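What follows is calculated from the coordinates using simple rules that are stated; it is not laboratory data. Computed from a predicted structure; not experimentally measured. Virtual Cβ from ideal backbone geometry, glycine too; neighbours counted across all protein chains shown.
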Amino acid sequence: MKEDARTIGIVGTGMIACSMATLAAGHGFKCVVFARSEGSKARCNEEINKFFDQMVDRGLIRPEQKDVALSYISITFEYGDMKEAEVVFESVIEKAEVKYEVYKNIEDNCPNVKAICSVSSSIVPEELAKGASKYGDRIVVTHPFNPPHLVPLFELCGSDRTAEGVTDYVMKLLEELDRKPVLLNKPTPGFIGNRLQFALWREALALVEEGICGPREVDAVLEYSFCPRYTSIGIYEHFDNGGLELNAAACRNIWPILSNATEIPPFMSDLMKEGKMGSKSPSKTGFYDWNGVDMDAYADRVSAPYWKMFDWEFPKE
């Protein structure tokens, strides 16, 4: 490991924290992960090794490159070991009081911190900043999609307390990590990605509820029509290129029939009452029957579009 490697701190040992450690170390940052127990430390080590093994298995890195990257990671039970960190990613449970305790420990132990990046998906930065005294002006939300070492997008927003230059610093850092950060002008529940995703999901549910089609037909339309297009261009690009007049006419015809539901549909409620909660439920049923499905092959399908975006420059020593 290079002696002059910059340091990133990570608080937490869940999926996102382990993925962030993989991302940071794979880009030559010294990465110090705070764990609460020997058990969480062991699970974190196992998860990080699994992520790097996936890269080796796909021929994206050599085994010796994995070993070099792992040398950049340390898992500790002491916040003081993060004293050199220039940024800390807070990746703990979605409870404000837990996050506030983390911020206090960072303030007490990390004198060089330029930004505290919460991966919160539901707590706005104004609320997060209330839990800090000295570093309240350095707290921003950096909302990733899981796992962030594989999915490039981060949604970034600050609060009225965020000091000038903090969001710019975090944007540049994420770009150094080969991520694709987008900056929101103001926070909103669901940020950009989940507002878009759940608008589409509401309409997908409505199509089935109205008897127009079943889940498989919805999924086939998404997989084989417009979804692949949006891995290369954006929706604004697409409709702008098609012409606003044509688009406006389609909006007038289609918008009046779109769902405006604010509750989940009865057929989804009925499945839940029957214990059919999806692939992870005891029955392994939900909208689909997951019994006998090769889940490793399914996981490979989930990851496939993102591996195509993998282009890291791994540390050499």
Next item on the list: Could you tell me whether the stretch 192-264 comes out rounded, prolate or oblate from its Cα gyration tensor? Rule is a ≥ b ≥ c as square roots of the eigenvalues, rounded for a/c under 1.5, then prolate if a/b exceeds b/c, otherwise oblate.
Entry: prolate
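So which of LYS30/LYS50; LYS50/LYS114; LYS95/LYS280; LYS104/LYS180; LYS83/LYS180 end up more than 21 Å apart, counting from Cα to Cα? Before the final figure, lay out the partial values.
Numbers: LYS30/LYS50 19 Å; LYS50/LYS114 31 Å; LYS95/LYS280 24 Å; LYS104/LYS180 30 Å; LYS83/LYS180 28 Å.
As for pairs spanning more than 21 Å Cα to Cα, those are LYS50/LYS114; LYS95/LYS280; LYS104/LYS180; LYS83/LYS180.
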Next item on the list: Can you list which of the trypsin sites (Lys or Arg not before Pro) found in the stretch 41-95 are DSSP loop residues with at most 14 other C-beta atoms within 10 Å?
Entry: ARG58, LYS95
Checklist line | 3J(HN,Hα) from dihedral phi, the stretch 267-275, Karplus parametrisation 6.51/-1.76/1.60, rounded to Hz, x for glycine, proline | finding: 5, 6, 4, 5, 4, 5, 5, 7, x
Check: If amide H atoms are built 1.01 Å from N in the plane of the peptide, which residues on other chains or at least 5 residues away come under 5 Å of the amide H of LYS114?
Finding: VAL87
Check: What relative contact order, as a whole-number percentage, does the stretch 1-155 give when Cα pairs under 8 Å and 6 or more residues apart are counted?
Finding: 25
Next item on the list: Specify the residue with the greatest mean-square fluctuation among ASN247, ASN49, ASN260, computed from a Gaussian network of the chain linking alpha-carbon atoms under 10 Å apart.
Entry: ASN247
Checklist line | GLU263-MET15 FRET efficiency (beta carbon distance; Förster radius 45 Å; 0.05 resolution) | finding: 0.90
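Percent relative contact order of the chain, based on C-alpha pairs within less than 8 angstrom and at least six residues apart? Spell out each step's value before the answer.
Working: 430 pairs, mean separation 48.5, N = 317.
Once divided by the residue count of the chain, the mean separation gives 15 percent.
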Check: Comparing PRO144, PRO305, PRO187, which has the greatest mean-square fluctuation in the GNM of the chain with Cα pairs linked when under 10 Å apart?
Finding: PRO305
Notebook entry, point to check: Short version: ³J(HN,Hα) in whole Hz for each residue of the stretch 124-134, in order, from phi by Karplus 6.51 cos²θ - 1.76 cosθ + 1.60 (θ = phi - 60°), x for Gly and Pro, what are they?
Noted result: 6, x, 4, 5, 4, 5, 5, x, 10, 10, 6
Next item on the list: With no solvent and one equal point scatterer per Cα, compute the Debye intensity ratio I(q)/I(0) for the chain at 0.08, 0.12, 0.15 Å⁻¹ and report its log10, rounded to two decimals.
Entry: -0.45, -0.97, -1.32
Check: What FRET efficiency would be calculated for the residue pair GLU97, LYS50, taking the C-beta separation as r and a Förster radius of 30 Å, to the nearest 0.05?
Finding: 0.45
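Report the antiparallel proportion of the DSSP beta bridges in the chain as a percent, rounded to a multiple of 5.
Numbers: 5 of 29 bridges.
Approximately 15 percent, going by the DSSP bridge assignments.
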Next item on the list: Apply the Kirkwood formula to the stretch 7-183: the hydrodynamic radius equals the inverse of the mean of 1/r over all pairs of different alpha-carbon atoms; give it in Å with one decimal.
Entry: 16.0
Notebook entry, point to check: Taking a ≥ b ≥ c as the square roots of the eigenvalues of the Cα gyration tensor of the stretch 205-317, is the shape rounded (a/c under 1.5), prolate (a/b larger than b/c) or oblate?
Noted result: oblate
Check: How far, in degrees from 0 to 90, does helix 166-176 lean away from the longest principal axis of the Cα atoms of the chain, to the nearest 10?
Finding: 80
Next item on the list: Please work out the C-alpha center-to-center distance from the stretch 214-231 to the stretch 164-198 and express it in whole Å.
Entry: 26
Item checked: HN-Hα J in Hz across the stretch 238-251 - Karplus 6.51, -1.76, 1.60, θ = phi - 60°, x for Gly and Pro -> 4, 6, 5, 5, x, x, 5, 5, 5, 5, 4, 5, 5, 4
Margin query: For a quick check, take a GNM of the chain with Cα springs below 10 Å and name the residue from ILE123, ILE139, ILE93 with the largest mean-square fluctuation.
Written below: ILE93
